[in-house]
Amino acid sequence: MAKPAKNTICLWYDKDAAEAARFYAATFPDSQVTAVHKAPGDFPGGKAGDELTVEFTVLGVPCIGLNGGPVFKHSEAFSFQVATDTQEETDRYWDAIVGNGGQESACGWCKDKWGLSWQITPRTLTEALAKGGDEARRAFAAMMTMTKIDVAAIDAARRG
């Protein structure tokens, strides 16, 4: 048996952590559902025998989904940032999240149907911002006009 991760992200869901985990596992590489645990007794969000926690990974990051009930909601204060290499990869992840009941936001951000925020970020954008100076300003200005990031437009902005 593998040693559990020392640090795991715990994500709160109402009652559908397993559904979310299966979606992430089907959408992103190096992602899988590894365990589902039932509650040994009643709890504020459910009853004994209900699915309580789901262990999974997203892009190699260990997570636990907790079916804690409707008390707490996800916010943009936490997001997964997914680095992409091409427009096709950017489109694939964006379209999977938004097309499965999610919603678009600005500057490469979107939310999945469970309210979890995602940043689908082409590496060309983060590279431009890291360069600083005029190249960063041009790429940043281009990004500020976008919903889903357009790789070709960012590359054009980088060149000036």
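Structure notes:
Results for (1) open to solvent by less than 40 Å² (accessible area, probe 1.4 Å); (2) among the charged types (D, E, K, R); (3) touching a residue at least 40 places away in the same chain (Cβ under 8 Å), shown as yes or no for each residue.
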| site | (1), (2), (3) |
| --- | --- |
| Lys6 | no, yes, no |
| Asp30 | no, yes, no |
| Ala35 | yes, no, no |
| Phe43 | no, no, no |
| Ser79 | yes, no, yes |
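- Residue within the range 100-108 that is open to solvent by less than 60 Å² (accessible area, probe 1.4 Å), under 27 Å from Tyr24 (Cα atoms), in contact with a His (Cβ under 9 Å, 6 or more places away or on another chain) and not in a helix (DSSP H, G or I) present: no
- From the options Phe72, Phe23, residue that is in contact (Cβ under 8 Å) with a residue 40 or more places away in the chain, open to solvent by 40 Å² or more (accessible area, probe 1.4 Å) and not aliphatic (A, V, I, L, M): Phe72
- Matching residues in the range 2-33 - criterion: being among the small types (Gly, Ala, Ser), under 25 Å from Thr84 (Cβ atoms) and assigned to a loop (DSSP other than H, G, I, E, B): Ala5, Ser31
- Arg92 being under 30 Å from Arg138 (Cα atoms) and without any contact (Cβ under 8 Å) to a residue 24 or more places away in the chain: yes
- Among all residues of the range 34-41, there is none that is within 15 Å of the chain's Cα centre (by Cα) and in a strand (DSSP E or B).
- Members of the range 57-69 that are open to solvent by less than 30 Å² (accessible area, probe 1.4 Å) and outside any strand (DSSP E or B): Gly68, Gly69
- Candidate set: the range 116-160, residues that are closer than 23 Å to Val58 by Cβ, buried (at least 17 other Cβ atoms within 10 Å of the Cβ) and of a type outside the set (S, T, N, Q); chosen: the one farthest from the chain's Cα centre (by Cα): Val151
- Contact annotation: residue pairs with Cβ atoms under 8 Å, 6 or more positions apart or on different chains, pairing a residue in the range 102-115 that is among the polar types (S, T, N, Q) with a partner that is outside any loop (DSSP other than H, G, I, E, B), are Gln103/Cys110; Gln103/Lys111; Ser105/Lys111; Ser105/Ser117.
- Search result, residues across the range 26-48 that are within 20 Å of Pro4 (Cβ to Cβ) and of a type in the set (Gly, Ala, Ser): Ser31, Ala35, Ala39
- Among the residues examined, Asp95 does not qualify as touching a Phe, Trp or Tyr at 6+ places or on another chain (Cβ under 8 Å), closer than 27 Å to Lys15 by Cβ, at pLDDT 95 or above and not hydrophobic (A, V, I, L, M, F, W, C).
The values are calculated or read from the model by the stated rules, or taken from the named source; none is laboratory data. The shown structure was predicted, so the numbers you read here are calculated from the model rather than taken from an experiment. Neighbour counts run over all protein chains shown; Cβ positions are idealised from the backbone, glycine included. Accessible surface is based on the protein model in full, side chains and every heavy atom, while ligands, DNA and RNA are left aside. Shrake-Rupley method; radii C 1.70, N 1.55, O 1.52, S 1.80 Å.
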